[in-house]
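Undergrad: Here's a structure for you.
The values are calculated or read from the model by the stated rules, or taken from the named source; none is laboratory data. Note that the coordinates shown come from a computational prediction; the quantities given were computed from them, not determined experimentally. Here the Cβ is made from the backbone with ideal geometry for all residues, glycine too, and neighbour counts use every protein chain on show. Keep in mind that these areas ignore ligands, DNA and RNA; they rest on the heavy atoms of the full protein, side chains included. Shrake-Rupley method; radii C 1.70, N 1.55, O 1.52, S 1.80 Å.
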Protein chains: 2
Amino acid sequence: VRDPVTVLAGGLGGSRLADAFVRAVGGERITIVGNVGDDLEILGLHVSPDLDTVLYTLAGLLDEERGWGVSEETYGALGQAGALGGPDWFTLGDRDIGLHLVRTERLRSGEQLSSVTADLARRLTVAAALLPATDDRLRTVIDTDGGELDFQAWFVGRRHRDPVRGVRYTGAESARPAPGVLGALADAGAVVIAPSNPFVSIGPILAVPGIEAALSERRGPVAAVSPLVGGRAIRGPLAGMMETLGHEPTALGVARLYQGLADTFVLDVADTSFAPDVEALGMRAVVCETVMVDPERRADIGRQILEGVRG
Amino acid sequence: VRDPVTVLAGGLGGSRLADAFVRAVGGERITIVGNVGDDLEILGLHVSPDLDTVLYTLAGLLDEERGWGVSEETYGALGQAGALGGPDWFTLGDRDIGLHLVRTERLRSGEQLSSVTADLARRLTVAAALLPATDDRLRTVIDTDGGELDFQAWFVGRRHRDPVRGVRYTGAESARPAPGVLGALADAGAVVIAPSNPFVSIGPILAVPGIEAALSERRGPVAAVSPLVGGRAIRGPLAGMMETLGHEPTALGVARLYQGLADTFVLDVADTSFAPDVEALGMRAVVCETVMVDPERRADIGRQILEGVRG
C-alpha cells in the first residue's frame with residue numbers, strides 16, 4: 001500500500017497501530033480518524049483521552065509503560081484541586097493539563113475541535129493527520145445493572161467493574177463528520193480499523209451518520225485488526241464486554257462484528273486457527289504479528305499489516 | 001486591641017501584615033479585605049493573585065523566597081501550554097493552577113468569588129476571614145506613555161518598566177462590596193491599611209462604592225502602615241509610581257495620600273524623623289518595626305503594630 005492509509009482509532013490500540021504505520025511508511029501518508037465518545041469535561045477542562053493518546057504516542061510523549069498520559073509527569077495541579085474539593089478521580093498530569101487548558105480555551109472561543117487538534121499535532125511535530133470523527137458533541141454511555149453511566153464514570157470512575165449491558169452514543173444522530181473525515185475514508189488506499197474496542201472506541205466513530213456509508217461505498221480495502229489475541233485484549237475490558245453483550249470473546253467474535261463492513265480481517269499469529277472461520281464469513285483473513293506494545297517492533301509490524309491488507 | 005481587626009490588603013505586604021496579626025492574636029480575630037483589581041483571566045483560568053498571596057501566606061504555602069506562588073512548585077502545565085501556543089507570560093505553577101481550576105469552575109457555575117474564597121480558605125485551614133473587596137468585576141488599568149495597559153500586562157508582562165501616568169479602576173462605579181466587607185469595617189476594633197501599594201492595591205479596594213464611607217463613619221481607629229521604608233518599597237514599583245504620579249516618594253508622601261482617611265500612621269523605625277510631619281497632617285504617628293520579611297519576626301511586629309494602633 002503506497003497510497004494514503006486511514007486508520008479508525010480509539011486510544012491505546014489505535015495509537016499503536018497508527019504509530020506502526022507512521023514508522024512503516026511515514027506520517028505524511030497516514031490519517032487517523034479518532035474517537036471522541038470518551039471525551040469528558042472535568043475541572044472545567046475539555047479532555048479528549050483517545051485523541052490525546054494518539055497525539056502523545058505519535059509525538060513520542062506517551063507514558064508507554066502506563067499506556068496513557070505523558071511520560072515523566074507531575075501531579076501538582078490535580079493534587080491541589082483534590083485538596084480543595086475539586087474532582088480528582090480522573091487522573092490528569094500537569095503537562096497533560098497544559099494541553100487541556102490550551103484546547104479548552106480555544107474551544108470556548110469558538111474554534112472547532114478538529115481545527116484545534118490539527119494545530120496541536122502540528123505544534124507537537126506530528127506529521128500524520130489526526131481528525132476527530134466529529135466536531136459535534138457525541139458521548140458514549142454505558143448501560144449497567146445499576147443504570148447508565150457516562151463512559152469515563154464507568155471506565156475510570158468505577159474501573160469498568162460493572163458488567164456492560166448496552167452501549168449507546170448520545171448526540172450521534174445529529175453529529176456530522178468532522179471536515180476531512182469523509183474524504184480521508186474515500187480517498188485512502190486502505191482503511192484500517194485499529195485493534196481498538198469495537199463498542200466504545202470504533203462504535204462511536206461509526207455512529208456518526210455518513211461514516212459507515214463512506215466505508216461501504218469504498219472500492220479499496222477496508223481491513224480490521226483484531227483487538228483480541230488468544231481471547232484476551234492487550235489492555236482493557238473488551239473480552240468481558242463481548243461476553244455480557246452476547247458475543248464470543250475471541251478474534252472470531254470480533255470478526256463477526258465487522259462482517260459486512262470490513263473485507264479483510266487481520267488475526268494475530270496466536271489466532272491462526274480462526275482463519276478458516278473468518279474466511280467463511282466472507283472476509284479475507286490475514287495472519288501476522290499484531291502485538292505492538294514494544295515501540296521498536298512497530299515499524300516491522302506496521303509493514304506486515306499493510307502488506308497483508310494490500311494482499 | 002483585643003477586638004477583631006480588619007486589614008485592607010494587597011498582595012505581599014498585605015499578606016505579611018495579615019500573617020503578623022494572625023500570629024499575634026489568632027486568625028479568628030482577623031478579617032482581610034483583599035484586592036481584586038489585579039485579577040486576570042488567562043488560559044481560561046480566573047486568577048486572583050493578591051487574594052492568593054494572602055491565602056498561601058496564611059496557609060503556610062507561599063514561596064516566601066520569591067514572594068508569590070506556592071513553594072516547591074512544578075511548571076509542567078504552563079510549559080506544555082506555552083509549547084502548544086498558549087500564553088505563558090504570566091507564571092503559574094502546577095499546584096497554583098490546581099487552585100485556579102477549582103475556583104474557575106465554581107465561578108463558572110455561578111458561585112460568587114467571596115463564597116469560593118471562603119471555602120478555599122477553610123479547606124486550607126486558614127482561620128482568618130479572607131474577603132474580596134467585591135464580587136463584581138473591577139480591574140486596575142495603568143496609564144502609560146504608550147497607552148493604557150491591564151494591570152498584569154503592565155506589572156508582569158512588561159515588568160512595570162513603563163512610567164505610570166495614571167491609574168483607574170474599571171467597573172468600580174457599579175461594584176458592590178462583597179458580603180461581610182462593610183460589617184468587617186464597621187465592627188472591627190481597628191482597621192489597618194496594610195503596607196501595600198496605595199494606587200494598585202489599596203486604591204482598588206477604596207474605589208468600591210461604600211467602602212471609603214464605611215471607613216470615615218467608624219469611631220474606632222483607622223491606621224495605615226507605611227509601605228515605604230527609608231524611601232523604598234520592600235518589594236515592587238511603588239517608589240517610582242509615587243514620583244511619576246507627583247508625590248514625594250517617602251513614608252511622609254504616603255501619609256499624605258491617606259490624610260483624612262486614616263487617623264493613625266505607622267512609620268518604620270528607619271523613618272522616625274517623619275513623625276512630626278505626619279503629626280502635622282493631623283494623624284497620630286506610631287513608630288515601630290514594620291519589616292516583616294522574616295516570618296519568625298511577624299508575631300512580634302504584629303503585636304507592636306497593634307499596640308501602637310491601640311495607642
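Undergrad: Go through B:Arg176, B:Arg168, B:Arg219 for me and flag whichever is over 17 Å from B:Arg139 (Cα atoms) and charged (D, E, K, R).
TA: Just a single option satisfies the conditions, and that option is B:Arg219.
Undergrad: Could you check, for region B:122-141, whether at least one of its residues is surrounded by 20 or more Cβ atoms within 10 Å (Cβ to Cβ), free of Cβ contacts under 8 Å to residues at least 12 places away in the same chain and in contact with a Gly (Cβ under 6 Å, 6 or more places away or on another chain)?
TA: no
Undergrad: Please work out if B:Thr91 is more than 10 Å from every other protein chain (Cβ to nearest Cβ), open to solvent by less than 30 Å² (accessible area, probe 1.4 Å) and not in a strand (DSSP E or B).
TA: No.
Undergrad: Sticking with this structure for a sec: I want to confirm something. Restricting to region B:144-183 and keeping residues that are out of contact with any Lys or Arg (no Cβ under 7 Å at 6 or more places or on another chain) and of a type in the set (S, T, N, Q), which single residue is surrounded by the fewest Cβ atoms within 10 Å (Cβ to Cβ)?
TA: Filtering region B:144-183 for residues that are out of contact with any Lys or Arg (no Cβ under 7 Å at 6 or more places or on another chain) and of a type in the set (S, T, N, Q), the one surrounded by the fewest Cβ atoms within 10 Å (Cβ to Cβ) comes out as B:Ser174.
Undergrad: Continuing with the same structure: Does A:Glu111 fit the bill of being more than 9 Å from chain B (Cβ to nearest Cβ), free of Cβ contacts under 8 Å to residues at least 40 places away in the same chain and touching a strand residue (DSSP E or B) at 6+ places or on another chain (Cβ under 6 Å)?
TA: No.
Undergrad: Related question: Being within 14 Å of chain B (Cβ to nearest Cβ), assigned to a loop (DSSP other than H, G, I, E, B) and aliphatic (A, V, I, L, M) is the filter here, so list the residues in region A:21-53 that pass it.
TA: The answer is A:Leu43, and nothing else.
Undergrad: Let me ask you something else. If we scan region A:69-86, do we find a residue that is more than 14 Å from chain B (Cβ to nearest Cβ) and open to solvent by 10 Å² or more (accessible area, probe 1.4 Å)?
TA: no
Condition check ((1) farther than 20 Å from A:Asp50 by Cβ; (2) part of a loop (DSSP other than H, G, I, E, B); (3) of a type in the set (Ser, Thr, Tyr)) across all residues:
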{"site": "A:Val191", "(1), (2), (3)": "no, no, no"}
{"site": "A:Ser196", "(1), (2), (3)": "no, yes, yes"}
{"site": "A:Ser201", "(1), (2), (3)": "no, no, yes"}
{"site": "A:Ile205", "(1), (2), (3)": "no, no, no"}
{"site": "A:Val208", "(1), (2), (3)": "no, yes, no"}
{"site": "A:Glu212", "(1), (2), (3)": "no, no, no"}
{"site": "A:Leu215", "(1), (2), (3)": "no, no, no"}
{"site": "A:Gly220", "(1), (2), (3)": "yes, yes, no"}
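Undergrad: Would you tally the residues in region A:234-260 being touching a residue at least 60 places away in the same chain (Cβ under 8 Å) and not charged (D, E, K, R)?
TA: Qualifying residue count, region A:234-260: 8.
Undergrad: Okay, moving on. Which count do you get for residues in region A:222-258 that are of a type in the set (Val, Ile, Thr) and assigned to a strand (DSSP E or B)?
TA: Total meeting the criteria: 3.
Undergrad: Quick one: which residue in B:Thr290, B:Thr272 is assigned to a loop (DSSP other than H, G, I, E, B), polar (S, T, N, Q) and either at pLDDT 95 or above or surrounded by 15 or more Cβ atoms within 10 Å (Cβ to Cβ) (or both)?
TA: Sole residue among the options that is assigned to a loop (DSSP other than H, G, I, E, B), polar (S, T, N, Q) and either at pLDDT 95 or above or surrounded by 15 or more Cβ atoms within 10 Å (Cβ to Cβ) (or both): B:Thr290.
Undergrad: Residue by residue through region A:94-108, note down the ones that are more than 7 Å from chain B (Cβ to nearest Cβ) and open to solvent by less than 40 Å² (accessible area, probe 1.4 Å).
TA: Residues satisfying the conditions are A:Asp96, A:His100, A:Arg103.
Undergrad: Which of the residues spanning region B:224-246 are open to solvent by 10 Å² or more (accessible area, probe 1.4 Å) and touching a His at 6+ places or on another chain (Cβ under 9 Å)?
TA: B:Gly236, B:Pro237, B:Gly240
Undergrad: Hey, among B:Ala194, B:Ala190, B:Ala186, which residue is within 21 Å of B:Val309 (Cα to Cα), touching a helix residue (DSSP H, G or I) at 6+ places or on another chain (Cβ under 8 Å) and surrounded by fewer than 16 Cβ atoms within 10 Å (Cβ to Cβ)?
TA: Unique residue meeting the criteria: B:Ala186.
Undergrad: Which one of these does B:Leu267 not meet: (1) buried (at least 19 other Cβ atoms within 10 Å of the Cβ); (2) part of a helix (DSSP H, G or I); (3) not acidic (Asp, Glu)?
TA: Unmet for B:Leu267, out of (1) buried (at least 19 other Cβ atoms within 10 Å of the Cβ); (2) part of a helix (DSSP H, G or I); (3) not acidic (Asp, Glu): (2).
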